[in-house]
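Heads up: the structure comes next, in structure tokens.
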Amino acid sequence: MAVAKLTKSYVESAKPGIYWDQTLKGFGLRVTTMGTKSYVVQRSGAGFKTLGRHPVLTCLRARRR
């Protein structure tokens, strides 16, 4: 799990894994091995809640949600 500033260019070049945003706690990006990129929020306890997929949902709109 990496911590980085999630920007449009960073999201588009991300490799499979989970990336947490350095400015908004609990907000992240999950990239599958098939290349699907989804914005997620860490839930209390365990697991993630998916906000939406990139590029349908932009990074800025996902942050606002």
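Among the residues of segment 25-36, just one is open to solvent by 70 Å² or more (accessible area, probe 1.4 Å) and either of a type in the set (A, V, I, L, M) or touching a Gly at 6+ places or on another chain (Cβ under 6 Å) (or both), namely 34. Of the residues making up segment 33-65, those that are closer than 14 Å to residue 18 by Cα, of a type in the set (Gly, Ala, Ser) and not in a strand (DSSP E or B) number 2.
Using the structure shown, decide if residue 64 is in contact with a Ser or Thr (Cβ under 9 Å, 6 or more places away or on another chain), exposed (fewer than 15 other Cβ atoms within 10 Å of the Cβ) and not hydroxyl-bearing (Ser, Thr, Tyr). The answer is no for residue 64. Among the residues making up segment 37-57, those that are closer than 19 Å to residue 3 by Cα, at pLDDT 90 or above and open to solvent by less than 90 Å² (accessible area, probe 1.4 Å) are 37, 38, 39, 40, 41, 50, 51, 54.
On the stretch given as segment 1-13, residues that are assigned to a loop (DSSP other than H, G, I, E, B), touching a residue at least 12 places away in the same chain (Cβ under 8 Å) and open to solvent by 20 Å² or more (accessible area, probe 1.4 Å) total 3.
The values are calculated or read from the model by the stated rules, or taken from the named source; none is laboratory data. Quantities reported herein were computed from a predicted structural model and do not represent experimental measurements. Glycine also receives a Cβ, built like all others from the backbone with ideal geometry; neighbour counts cover every protein chain displayed. We work out accessible area using only protein heavy atoms, side chains counted, and drop any ligands, DNA or RNA first. Shrake-Rupley method; radii C 1.70, N 1.55, O 1.52, S 1.80 Å.
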